[in-house]
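Reading through the structure tokens given below for one structure.
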Amino acid sequence: MVVIQMITEAALLEQFNGSLQLRKLSLAAPGRQEILVRMVSASVCHTDIAAIEGEFGRLIPLPMVLGHEGAGVVEAVGDGVKKFKKGDRVVLSVVVHCDNCRNCAAGRPSACENFNEIAFGGGLNDGSKRLSLDGRQVSHFFAHSSFSRYAVVPENVVVHVPDEVQLEKLSVLSCGVQTGSGAVMNSGIPLGSKLAIFGCGGVGLSAVMGAKVIGAREIIAIDVADERLSLARELGATEVINPKKLDAVERVKSISGGGVDYAIECVGRTETIVQAVDCLRPWGTVILVGVPRRGTKIEFDFFSLFRATVRGCVAGFANSELFLPLLISLNQEGKFPFEKLSPGSYRFEEINRVASNASLDFS
């Protein structure tokens, strides 16, 4: 398939806090080390909703096509693409990276020094845009823009999928599941550790599954919604706490015998970040996964940090080329049932009804 330019139907954001409009956009051919993917499914992440609301400081110029979780089939490849060919089944990864900085060279693509520029700059890896409307350029999101029937993406965010795996269920892996599970599985947490996980949305529940995979001794899930806590138990939590009913810090310390080894904060609120620090044992570690509003300042009692480590986490510390196939393999073995996180599937035309973690069906 030789592609020069094509028309794709995409969900276009033209004003912040507005609804997404399905529009026919021009999509240029993939450039060097880029791939044209026919989307089979895409998932809606809270980050997409935050972008609609202007939570990224309105860094990305409008109009813009959102979406950074997706799975599909390769339709064409640009010059220099070595690992993919037409017909390959793939899942996209939120771990956008330049391949040129020190961290990329060291095998840490999720710590790419140019991550923000690529993710929120509105272009692909080289800054150029492949989408346009009536001659006006349209911004990309995370170099993906998967809320489109076709997407041109950098080769280095594309991961092979085995033939026997359903593409329709894989888009949720791209960001939320990879981020939550990777925060646990890729951070060197020893077997038998005690963990508290704050927040049981898709990211936090993925952390629960990751904690079970690595053999955590105690997995304490904290959330204000009893239905999410029930699912957390089903996925591997050994104890659950609703902070509307019990003091979360006191209860965590009581269960764990004085404090947990690791606290995984997946909410991004100042109060839960402070609680995560306060529930640690001496020399414990907090891993910050949830994203607060830009400009958020947090106050700590100095002595609560005196014997604590606080680590930020982007995209689950993942090297997606290795990590996503591992998650798929664990799922096939029944050890990582990420499909239980999705509240359902919607037709692409229903995109404005879709909640976080739900999937879009492009059929």
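Since every read-out is calculated from the coordinates, none of them should be taken as a lab result. Being a predicted model, the structure only gives us computed values, none of them experimental. Here the Cβ is made from the backbone with ideal geometry for all residues, glycine too, and neighbour counts use every protein chain on show.
What's the exposure ranking of D79, D223, going from fewest to most Cβ atoms within 10 Å?
Details: D79 9, D223 28.
Lowest to highest Cβ neighbour count: D79, D223.
Calculated from DSSP H runs of 4 or more alone, at -39500 (n - 2.57) each and per residue, what is the 222 nm mean residue ellipticity of the chain, nearest 500?
On the way: 10 runs with 84 residues, N = 363.
Counting only the DSSP helices, I get -6500 deg cm²/dmol.
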Formal net charge of residues neighbouring R130 (Cβ-Cβ distance under 13 Å; K, R +1; D, E -1) = 0
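Taking the range 1-89, which chymotrypsin sites (Phe, Trp or Tyr not before Pro) meet the DSSP loop condition and have no more than 15 other C-beta atoms within 10 Å?
On the way: sites: F16, F56, F84; in loops: F16, F56, F84.
When the chymotrypsin sites (Phe, Trp or Tyr not before Pro) of the range 1-89 are filtered for loop state and at most 15 Cβ neighbours within 10 Å, F16 remain.
Taking 45 Å as R0, compute the FRET efficiency from the Cβ-Cβ separation of T309 and L133 and round it to 0.05. Numbers along the way, then the final one.
On the way: r = 47 Å, r/R0 = 1.06.
Result of the calculation: an efficiency of 0.40.
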Which of the GluC sites (Glu not before Pro) found in the range 118-203 are in a DSSP loop and have at most 11 neighbouring Cβ atoms, other than their own, within 10 Å?
-> E164
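What do you get for Rg/Rh of the range 270-363 when both radii come from the Cα atoms and Rh is the Kirkwood radius? Before the final figure, lay out each step's value.
Numbers: Rg = 18.6 Å, Rh = 17.0 Å.
Over the Cα atoms of the range 270-363, Rg/Rh equals 1.10.
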At a temperature of 25 °C and a viscosity of 0.890 mPa s, determine how fast the chain diffuses translationally according to Stokes-Einstein, using the Kirkwood radius over alpha-carbon pairs as Rh; express D in µm²/s, rounded to the nearest whole number.
-> 118 µm²/s
Relative contact order as a percentage, the range 188-312, C-alpha pairs under 8 Å and 6+ apart, gives 22 percent
Selection from L246, L280, I220, by position along the positive dipole direction of the chain (Cβ) = L280
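May I ask you to list the trypsin sites (Lys or Arg not before Pro) in the range 239-283 that are in a DSSP loop and have at most 15 other Cβ atoms within 10 Å of their Cβ?
Values: sites: K244, K245, R251, K253, R269; in loops: K244, K245, R269.
Answer by residue number: K244, K245.
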Where the centroid of each part is defined by its Cα atoms, how far is the range 117-187 from the range 237-290 in Å?
-> 32 Å
For the chain, find the longest principal axis of its Cα atoms and tell me its angle to the long axis of helix 176-185, 0 to 90°, nearest 10.
-> 40 degrees
How many nm separate the modelled label positions at S345 and D79, each set 7 Å beyond the Cα in the direction of the Cβ?
-> 3.9 nm
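What does the charge add up to near V73, with Lys and Arg as +1, Asp and Glu as -1, over the other residues with Cβ less than 13 Å from its Cβ?
Values: positive: R38, K85, K86, R89, R149; negative: E75, D88, D163, E168.
That works out to +1.
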What's the angle, to the nearest 10 degrees (0 to 90), between helix 226-235's Cα axis and the longest principal axis of the chain?
-> 90 degrees
Once both label points are put 7 Å beyond Cα along the C-beta direction, the D361-E53 separation in nm becomes 2.9 nm
Quick one: putting +1 on the C-beta of Lys and Arg, -1 on the C-beta of Asp and Glu, what dipole do you get for the range 188-312 around its Cα centre, in Debye to the nearest 20?
-> 240 debye
Would you mind listing how long the range 313-363 runs along its three principal axes, going by Cα atoms, in whole Å with the largest first?
-> 34, 26, 19
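What does the C-alpha gyration tensor say about the overall shape of the range 1-132? Classify as rounded when a/c is under 1.5, otherwise prolate if a/b is larger than b/c, or oblate.
Numbers: a/c = 1.71, a/b = 1.10, b/c = 1.55.
It comes out oblate by the Cα gyration axes.
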How far, in degrees from 0 to 90, does helix 202-213 lean away from the longest principal axis of the Cα atoms of the chain, to the nearest 10?
-> 60 degrees
Size of the range 132-248 along its principal axes in angstrom, Cα-based, largest extent first?
-> 57, 32, 26
Give the residue from V177, P109, S41 lying farthest towards the positive end of the charge dipole for the chain; charges sit on Cβ (+1 for Lys and Arg, -1 for Asp and Glu) and the dipole is referred to the Cα centre.
-> P109
Of D99, D247, D278, the one that fluctuates the most in a GNM where the chain has Cα springs shorter than 10 Å | D247
Using every Cα-Cα pair within the range 188-312, state what percent have a distance larger than 24 Å.
-> 17 percent
Taking N as its residue count, the alpha carbon Rg of the range 289-329 over 2.2 N^0.38 Å = 1.74
Sticking with the crude label model, points 7 Å out along Cα→Cβ, report the distance from Q332 to I298 in nm, one decimal please.
-> 3.8 nm
Can you sort Y346, Y262 so the residue with the fewest Cβ neighbours within 10 Å comes first?
-> Y346, Y262
